[in-house]
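Novice: Pasting a structure below so you can have a look.
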Amino acid sequence: MADFRVRFAPSPTGYLHVGGARTALFNWLFARRQGGTFILRIEDTDVDRSRPELTEAVLEALKWLELDWDEGPYFQSQRLESYRALAQQLRQSGHAYPCFCPPEELEQRRQAAEKRGKPWKYDGRCRRLSPQEAAARQDQPHALRFRVPEGGQTAFEDLVYGRVAVAHEEIEDFVLLRSDALPTYHLGVVADDLEMRITHVIRGADHLSNTPKQILLYQALERPAPLFAHVPLILGPDRTRLSKRHGATSVTAYRDDGFLPEAFRNFLALLGWSPGDDTERMPTRELIRRFSLQQVSRTNAVFDHSKLEWFNAGYLRHQPLEEILPYVEQELRRRGLWQAEWGGAGRDWFARAVDLLRPRVHLLTDFSRWARAFFTDQFDYDQAAIQKFLQHERLAELLPTLREELAGLKEWSHDEIEKAVRGVAERAGVKAALLINASRVGLTGQGVAPPLFETMELLGQATVVSRLQRLIDSLPGLIRSV
RNA sequence: GGCGCCAUGGUGCAACGGUUAGCACGGCAGUCUUUCAAGCUGCAGAUCCGGGUUCGAUUCCCGGUGGCGCUACCA
């Protein structure tokens, strides 16, 4: 296996959003597919905007996504000497020069130019300083700029976008080292990708236009550049860049909302990539097996929340039951609904409950909200359900009968329960649905729940009888007073 | 403004010169039914516009339009 080395290099200036998560996923899939190495690097050289707790948040998000890294995390803030050494090398070889222009002045000139509708580019004022002059001003504050070649262009072959070329005329002498001696992005990535022997740079297409700058750096250093694969951006529903406005910012919000990491990965993988045919549901194993940069699209994609939900519901429904039990357990624990016995003697009961519920669940949080009554006696009757199923005038008379009938059952099984319920209805001359629907509300608090007889069987005779009694007792207060 | 990239139904993807332009999500309708899902069946819905090249363009080329990105001593 070729020793492919890729990296995910977020900067801790914000949470890990879906765009970053997708970039991380593609890098990870590529590494796992190729038997390569996936490296995590934190680009925290912007001391003003980087926050340590955000690094933690990013790591937490990656862990939730189960994108495990083989090396790192490396921190750029701990590797500053490397960048300075490289900068020094560039300066000595004449590829970089000190710039004494005050940032505020540059900013003013840029804005003035923009105002007049003129394209602004650093005019290379300090580029022409003689070595003697530069040396004489050495103790004045200065940045280090890269000396972009005068004519021609720089091109590279992107693994996704194909050949991309930018004329040197369009590239200004960009800063490598700021006047506080911290590296800028371009110097940092190149230095690190070099030192970490990165073979494939897989990152967002927002870096496409700037890649020639980095190629130029590799050339100046006389080192081979890695291969580049830019991936299209993920947009919000309004086709603009994803931001806080579009709801969940951090991918951990999706965890909190009740999504399964595997479903999330599956959905994310299909944003900007396809296996080449119409296959959609692909467990991670298959994602790894089929992933290829050649199938990455060049078109920005819109994040479709309802499709994500569809994936999640599908995984909840179709994964082997054993695999989703831990997630449901976690959800119940988080809501304080977990009973210790379900981890032991009651494991089987818990599994049956989850299995009964999962066909109509979309999110893990549905287990603790919608299906709450399956795990605790503390639940309310849903208002819409009350109006829809508890208003029939004969319920006050029939429910006690039903409760008696069920309480007297010798064998508590689906079929016996069904026989009993239908028997009461028949003798009373009403449709079984009347009792079934009312009972469902009484037992689950919901108008929508799993089939009733299975539900009763699962909940057990004692619980069913006492919940029916509770319903009977509260019925007068639930009747619409007209 | 300049430069770069992109352009298939509302959304995500297929079709890499020849198909009645396919699949999925979502929508609508039917079916099933014990509520609601699921399942099954069906319906509506797309090649941005204009020129070329070609026997033939969704596909290749050019122009336009639109979107996005870059244009910082941010990354």
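Novice: Rounded to the nearest 20 Debye, what is the dipole magnitude of chain A about its Cα centre when Lys and Arg each give +1 and Asp and Glu each give -1 at the C-beta?
Specialist: Using Cβ point charges on Lys, Arg, Asp and Glu, chain A gives about 1020 debye.
Novice: Measure off 7 Å from each Cα along the Cα-to-Cβ vector at A:Trp120 and A:Arg51, then give the distance between these two points in nanometres to one decimal.
Specialist: Roughly 2.9 nm, to one decimal.
Novice: Name the residues whose placed amide hydrogens come within less than 5 Å of the amide hydrogen of A:Leu227, ignoring near sequence neighbours (fewer than 5 apart) on the same chain.
Specialist: The answer is A:His200, A:Val201.
Novice: Within chain A, which is the longest segment containing none of the GluC sites (Glu not before Pro) that sit in a DSSP loop and have at most 16 other Cβ atoms within 10 Å?
Specialist: A:281-392
Novice: Suppose the chain between A:Ser130 and A:Ala396 were pulled fully straight at 0.36 nm per residue; how much longer would it get relative to their current alpha carbon spacing?
Specialist: The A:Ser130-A:Ala396 span can extend by a further 85.8 nm.
Novice: Another one. For the range A:280-390, what does the alpha-carbon gyration tensor say about shape, rounded, prolate or oblate, given a ≥ b ≥ c as the root eigenvalues, a/c under 1.5 as rounded, and a/b over b/c as prolate?
Specialist: Here the range A:280-390 falls in the oblate category.
Novice: Separation between the A:Cys101 and A:Ala462 pseudo-spin-labels, each 7 Å from Cα along Cα→Cβ, expressed in nm?
Specialist: The answer from the label model is 8.2 nm.
Novice: Pop the C-beta distance of A:Ala253 and A:Arg352 into the FRET formula with R0 = 25 Å and round what comes out to the nearest 0.05.
Specialist: 0.20
Novice: Could you list the trypsin sites (Lys or Arg not before Pro) in the range A:296-365 that lie in coil according to DSSP, counting only those with at most 16 other Cβ atoms within 10 Å of their Cβ?
Specialist: A:Arg298, A:Arg335
Novice: List the Cys residues of chain A that have no partner Cys with a C-beta closer than 4.7 Å.
Specialist: Taking the Cβ cut-off of 4.7 Å, the unpaired cysteines of chain A are A:Cys101.
Novice: If each residue of separation counts as 0.36 nm, what is the full-extension length gain between A:Asp380 and A:Glu60 once their alpha-carbon separation is subtracted?
Specialist: 111.7 nm
Novice: Taking 22 Å as R0, compute the FRET efficiency from the Cβ-Cβ separation of A:Ala340 and A:Val448 and round it to 0.05.
Specialist: Once the sixth-power term is evaluated, E becomes 0.15.
Novice: How about the range A:371-411: which trypsin sites (Lys or Arg not before Pro) there are in a DSSP loop, with at most 10 other Cβ atoms within 10 Å of their Cβ?
Specialist: Passing sites in the range A:371-411 are A:Lys410.
Novice: Now for a separate question. As I understand it, the value is the acute angle between the Cα axis of helix A:305-318 and the longest principal axis of the Cα atoms of chain A; what does it come to in degrees, rounded to 10?
Specialist: Orientation of helix A:305-318: about 60 degrees from the principal axis.
Novice: How much length is gained if the chain between A:His318 and A:Val302 is pulled fully straight, taking 0.36 nm per residue apart and subtracting their Cα-Cα distance, in nm to one decimal?
Specialist: In short, 3.1 nm is gained.
Novice: Over chain A, how many pairs of lysines fall under 25 Å by alpha carbon, counting only those 8 or more apart in sequence or from different chains?
Specialist: 10
Novice: Here's another thing I want to ask about it. Taking the 0 to 90 degree range and rounding to the nearest ten, how far is the long axis of helix A:432-444 tilted relative to the main principal axis of chain A, both from C-alpha atoms?
Specialist: 50 degrees
Novice: Give me the angle, in degrees from 0 to 90, between the Cα long axis of helix A:103-115 and the longest principal axis of the Cα atoms of chain A, rounded to the nearest 10.
Specialist: Taking Cα atoms only, the helix is inclined about 80 degrees.
Novice: I've got another one for you. Could you work out how far apart the two model spin labels at A:Asp277 and A:Ser413 are, taking each label as a point 7 Å from the Cα in the direction of the beta carbon, and quote it in nm?
Specialist: 4.5 nm
Readers should treat all values here as calculations from the given coordinates under stated rules, not as data from a laboratory. Since we're looking at a predicted model, the values are computed, not measured. As a convention, Cβ positions derive from the backbone with ideal geometry for all residues, glycine included, and neighbour counts pool all protein chains shown.
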